[in-house]
Amino acid sequence: MSKSVAVIGAGPVGLAAAAHLLERGLEPMVLEAGPAVGHAIREWSHVRLFSPWEYAVDQAAARLLEPTGWNSPDPHAYPSGGELVERYLEPLATRTVLADHIHTSARVTGISRVGFDKVKTKGRAEAPFELRYRNGAGDKTIRADAVIDASGTWFAPNPAGASGLPAIGEGEASTRIAYGMPDVFGRERNRYAGKRIAVLGAGHSAVGTLIDLAMLAQSAPGTEIIWLIRGEDPAKSFGGGANDKLVERGALGTRLARLVAEGVIKVETNFRVTHINETAARLRIGAGSSCCGREAITDELIVATGFRPELGFLSELRLALDPALECPPALAPLIDPNMHSCGTVRPHGALELAQPEPGFYFAGMKSYGRAPTFLMLTGYEQVRSIAAELAGDVEAARRVELVLPETGVCNGPGTTQDAGCCGGPAKADASACCAADETAKKAGASGCGCS
Ligand SMILES: Cc1cc2nc3c(=O)[nH]c(=O)nc-3n(C[C@H](O)[C@H](O)[C@H](O)COP(=O)(O)OP(=O)(O)OC[C@H]3O[C@@H](n4cnc5c(N)ncnc54)[C@H](O)[C@@H]3O)c2cc1C
């Protein structure tokens, strides 16, 4: 009998995992909490991707789709989240053999090994996994020889509070707070038009929302935008501009820089939210002590401070996670934003993603834990490698088959920005962000070569 592999989550990476597993003669079972595939992406269906179709389609998935007469999209065009679901994930899940392997409305609530609690060791590695999941008909159990957790992080956004805990009053003021990337220019236009809105955060989601609000302000007089950042330099969010190999990713930062320079977006730096009150139909967003700190008074707050992995349902498994990022430890030095911000991560796979619990792997957005800048393409390479490993093809599992587009940003310690990202840009085909980084990586070093 072929090995069974449970895949948690039917996002782009979970479905790609299933496609690779099938190609390898393994038996995938995809469990998806939402009523349809791409459940998380449907929540940001209005957002245009900064990477084109050629970086959004997995190769094994494409091989499954081709014989179905799939109308493959222009590789150089940029899909919205909605188009990604409609033109790629849905046909993949309904028109190919994958359809027989996907269970929707099936939320995984716990994983263990049959007959083994976390403490028991002898014989553990040979015991199959037991996955508990919940659907409309109550609690169910399935068994699997291996598990790939590709459940993403979208449904666990970070709070507004700068300490990582919710700000005092954040829960009580929830009717005026949104998390992630609300559709401010479309579905939620009425909520935001003509209002004073604060956006908290400095990553891609914050940047995208600020640009959408600026478009809203053009047609809705009275719309005011305040950008709250915890750091002191808004330029850190402007990205690599023309140096970014993903043109649209670079353009986002350039557009934001212009809107800030023109005064369309007002910036409050060093703003570390501690408390939020709702009084007289307005939000008082406070940074510092409630008596004498700073305040921003707004109608709405959009919190775009990143995401964190949901680890509760994994508590019966033996996991090793980086203490800061909550990602597999071997991955941490490649993606730690404290060390560098290259955004260009060396391809990695089964080896780096392995856990003390043999047969259990993280993949996709969740494999990055709390770190930002995950690319779908990275996830596709991860699951190609994991499927090869599970099929016993160790050579293919270790082979690196991916060159990621560099961001053109590198501000790790020791970087001389004036010298053009620590010594000039890396070669076009290198998986490094700059010359020094490329040299370091060739020598087998990890982390950013600039530091
Ligand atoms: C707004 C936004 C824009 C982005 N733009 C780009 C881009 O342009 N290019 C790029 O390469 N990347 C982009 N990314 C990053 C990343 O590639 C995407 O988030 C991508 O969707 C990650 O795929 P995934 O399969 O890992 O996770 P997800 O797409 O989040 O899928 C995870 C799935 O798991 C399900 N799930 C969660 N918990 C459970 C559970 N307990 N049981 C069962 N199922 C569960 C969810 O419902 C969901 O369907 C973007 C991310 C965001 C948020």
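Values in this text are rule-based calculations from the coordinates and carry no lab data. Worth saying up front: this structure is predicted, and the values here are computed from it rather than measured. When we count neighbours, we look across all protein chains shown, and the Cβ atoms used for this are built from the backbone with ideal geometry, even at glycine.
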>> Students often get this wrong, so check it: of LYS122/LYS366; LYS3/LYS122; LYS195/LYS366, which have C-alpha atoms separated by over 27 Å?
In response: LYS122/LYS366; LYS195/LYS366
> Under 16 Å Cα-Cα from LYS266, which aspartates and glutamates qualify once same-chain neighbours fewer than 8 residues away are excluded?
Replying inline: ASP212, GLU224, GLU232, ASP233, GLU295, ASP299, GLU300
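Which order do ASP233, ASP58, ASP149, ASP74 fall in if you start with the one that has the fewest other Cβ atoms within 10 Å? Walk me through the numbers on the way to the answer.
Details: ASP233 13, ASP58 25, ASP149 28, ASP74 10.
Result, fewest neighbours first: ASP74, ASP233, ASP58, ASP149.
Within the range 1-97, which GluC sites (Glu not before Pro) sit in a loop by DSSP and count at most 14 neighbouring Cβ atoms inside 10 Å?
On the way: sites: GLU23, GLU32, GLU43, GLU54, GLU83, GLU86; in loops: GLU32.
When the GluC sites (Glu not before Pro) of the range 1-97 are filtered for loop state and at most 14 Cβ neighbours within 10 Å, nothing remains.
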>> Could you give the length gained by full extension between THR121 and ASN277, i.e. 0.36 nm per residue of separation minus their alpha carbon distance, to one decimal place?
In response: 51.1 nm
> What FRET efficiency, computed as 1/(1 + (r/R0)^6) with R0 = 45 Å and r the Cβ-Cβ distance, is obtained for ALA137 and ARG399, rounded to the nearest 0.05?
Replying inline: 0.55
>> 5 Å is the cut-off here: which amide hydrogens, built 1.01 Å from N in the peptide plane, fall below it relative to PHE362, excluding neighbours closer than 5 in sequence?
In response: ASP149
> Tally Lys and Arg at +1 and Asp and Glu at -1 over the other residues with C-beta under 9 Å from the C-beta of LYS366: what net charge comes out?
Replying inline: -2
> Separation of the range 305-384 and the range 213-234 by C-alpha centroid, Å?
Replying inline: 32
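Listing ILE168, ILE226 from the residue with the fewest other Cβ atoms within 10 Å to the one with the most, what is the order?
Fewest to most other Cβ atoms nearby, the residues stand as ILE168, ILE226.
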> Under a 5 Å amide H to amide H cut-off, with H placed in plane at 1.01 Å, what residues pair with ASN270 once short-range neighbours are removed?
Replying inline: ILE229, GLY231, GLU232
> Which net charge results when you count Lys and Arg as +1 and Asp and Glu as -1 among the other residues whose beta-carbon is under 13 Å from that of PRO79?
Replying inline: -4
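Could you please rank VAL264, VAL394, placing first whichever residue has the fewest other Cβ atoms within 10 Å of its Cβ? Please list the in-between numbers first.
Details: VAL264 18, VAL394 12.
If I rank by nearby Cβ atoms, fewest first, I get VAL394, VAL264.
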>> Checking the cross-link filter: which aspartates and glutamates have an alpha carbon closer than 13 Å to that of LYS140, excluding same-chain neighbours under 8 positions apart?
In response: GLU130
>> If amide hydrogens are placed 1.01 Å from N in the peptide plane, which non-local residues have theirs closer than 5 Å to the one on SER80?
In response: LEU49
>> Let me check I've understood the local charge: for ARG398, count other residues with C-beta under 15 angstrom from its C-beta, Lys and Arg +1, Asp and Glu -1. What total comes out?
In response: -3
